[in-house]
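The values are calculated or read from the model by the stated rules, or taken from the named source; none is laboratory data. This is a predicted model, so every value here is computed, not measured. Reconstructed Cβ throughout: ideal geometry from the backbone, glycine too, with neighbour counts over all protein chains shown. Please note that ligands, DNA and RNA were not included when accessible areas were found on the heavy atoms of the full protein model with its side chains. Shrake-Rupley method; radii C 1.70, N 1.55, O 1.52, S 1.80 Å.
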Amino acid sequence: MASLTKSNLPRFTTDIFQNEYLAEGAREVNAIVTVTATGGGTTGGRPLGASGVADAGAAGGQDSAVVLMVDCSGSMDYPPTKMRNARDATAVAIDTIRDGVAFAVVGGTHEAREVYPGDGALAIASPATREAAKQSLRKLTAGGGTAIGTWLTLADKLFLSRHEIAIRHGILLTDGRNEHEKPEDLQKTLDRVSGHFTVDCRGVGTDWEVAELRKIASALLGTADIVAEPSGLAEDFRSMMTSAMGKQVADVALRVWTPANAQVKFVKQVAPDLEDLTERRAEAGPRAGDYPTGSWGDESRDYHVCVEVPTAAVGNEMLAARISLVLPTADGSTEVLAQGLIKAVWTDDLASSTRISPQVAHYTGQAELAESIQEGLEAHRAGDVDRATAKLGAAVRLAHQTGNEGTFKLLQKVVDVVDPKEGTVRFRKDVSAADSMTLETRSTKTVRVAGKKKAE
């Protein structure tokens, strides 16, 4: 374990879990990197500015901003309680914003409009502004289409109005598909605002697309989930805002350095959610690349790093990769928050070289579980019941093997489980759209390895 600290930041640590022994001729090194942040404090009157850079000119305490984007398209009028539930949930979220945090409310249809404060900027949370914001929520009325890119564009403009703010987070609620915007236009918007702020997305009801919302959340390093019943929005919004208020540092990157003739095959977040970061690498000097991790509070996440190294003779040992948690600084350099090492040792001992790290095996199974669920539900939508049953049967077996009780319970709402150990299932005839979408949306949620111990 290694860690470096700074008084105004959480304390970051890294733990490396791997079997470092390779058979003669083997080249692939796998490791699980556990990153934990604890004990973050305030920025001592000098909050981190945009991109996590310390800004001496920023006002004390104003180091976070949040924009709530609420779907106001015509479909939010049905059932009649949905829009009221959305307003109530937004009010709960506003009440959860702590004093000093900059915030705004955006109403989204085929275009975006400022609901509060409405002057092209962000308000600063206080008892008075929170009350004024809640009063303005009567402006949230249903009518119009859906073009989520316009909502994100307005949120970006509002965030940029306070360039000194470090931690920028959006909460986005929708109940339908992004029908009034071309997919390529939404993608252009995501490309443009990526790295500017993070977004947690929620789909209410069952008329929205899981893949579409997950794409937005993935691009903006947030979460996507379903709220099947509008009555559940208030508690979900409270939870999301509480999490957002707990973030203490933004723009932390996972830096992977490899020696000559070695290369990174992939970097994936594997807990608490699956997220492939491989294609998001930004070069960071000779043989080093940065992978974005977003904002952090007191929390722990796991990453699967796979490195391909040159072959070596039995008895040789090498450093396969150096893992660092880095943060931008005011002078354009980076501060190292924590480090860990991934090693490779070649051996002719069969028992050592064929032992699979429990952590690597666990998360490989979790990734296979998510893939089986998504392929099974896709096959069911296409009318291929045999393939759907086989894939969801495999998912049941993997959920049982890896101890993912939450996913196992969601699977039981879609299939009747005959034998969980073998993955024998029958597709249920009474599967609701909400149960199917909940399973698909939460298929990427993982469980940690029980009793995890650091590999020596």
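Some points to look at:
- Probe 1.4 Å, protein heavy atoms only - accessible area per residue of the chain in square angstrom: 42 Å²
- Of the solvent-accessible surface of the chain, computed with a 1.4 Å probe over protein heavy atoms with every protein chain present, carbon and sulfur atoms account for 49 percent.
- Under a model in which nothing but the beta-carbon of Lys, Arg (+1) and Asp, Glu (-1) is charged, the chain shows a dipole of about 620 debye around its Cα centre.
- Extension reserve of the Val336-Tyr78 stretch, reckoned as 0.36 nm per residue once the Cα distance is removed: 87.8 nm
- Contact order for the chain, expressed relative to its length and based on alpha carbon pairs under 8 Å spaced 6+ residues apart, stands at 19 percent.
- Applying 0.36 nm per residue to the separation of Thr206 and His110 and subtracting their alpha-carbon distance, the gain on full extension is 32.6 nm.
- Leading residue at positive end of dipole, the range 265-406 (Cβ point charges), from Gly365, Ala320, Ser300: Ala320
- Hz values of 3J(HN,Hα) by residue in the range 330-343 - Karplus curve (6.51, -1.76, 1.60), Gly and Pro given as x: 4, 8, x, 8, 10, 9, 8, 8, 6, 9, x, 10, 10, 10
- Dividing the mean sequence gap of close Cα pairs (under 8 Å, 6+ apart) by how many residues the range 110-179 holds gives a relative contact order of 43 percent.
- Inter-label distance, nm, simple model (7 Å from Cα along the C-beta direction), Thr153/Ser300: 4.4 nm
- Fraction of antiparallel bridges per DSSP, the chain only, in percent to nearest 5: 70 percent
- You can think of it this way: the chain between Lys265 and Ala433 has 56.7 nm of extra reach, that is 0.36 nm per residue less the Cα-Cα gap.
- Close amide-amide hydrogen proximity is noted between Val115 and Val105, Val106, Gly107, each under 5 Å apart and 5 or more residues distant or on a separate chain (H modeled in the peptide plane; Pro and chain starts excluded).
- With the convex hull of the Cα atoms taken as the outline of the range 279-326, the averaged projected area works out to 5.1 nm².
- Cleavage-rule hits, trypsin sites (Lys or Arg not before Pro), the range 117-194, DSSP coil, Cβ neighbours within 10 Å at most 13: none
- Dipole magnitude for the range 318-416: about 160 debye, using +1 per Lys or Arg Cβ and -1 per Asp or Glu Cβ, origin at the Cα centre.
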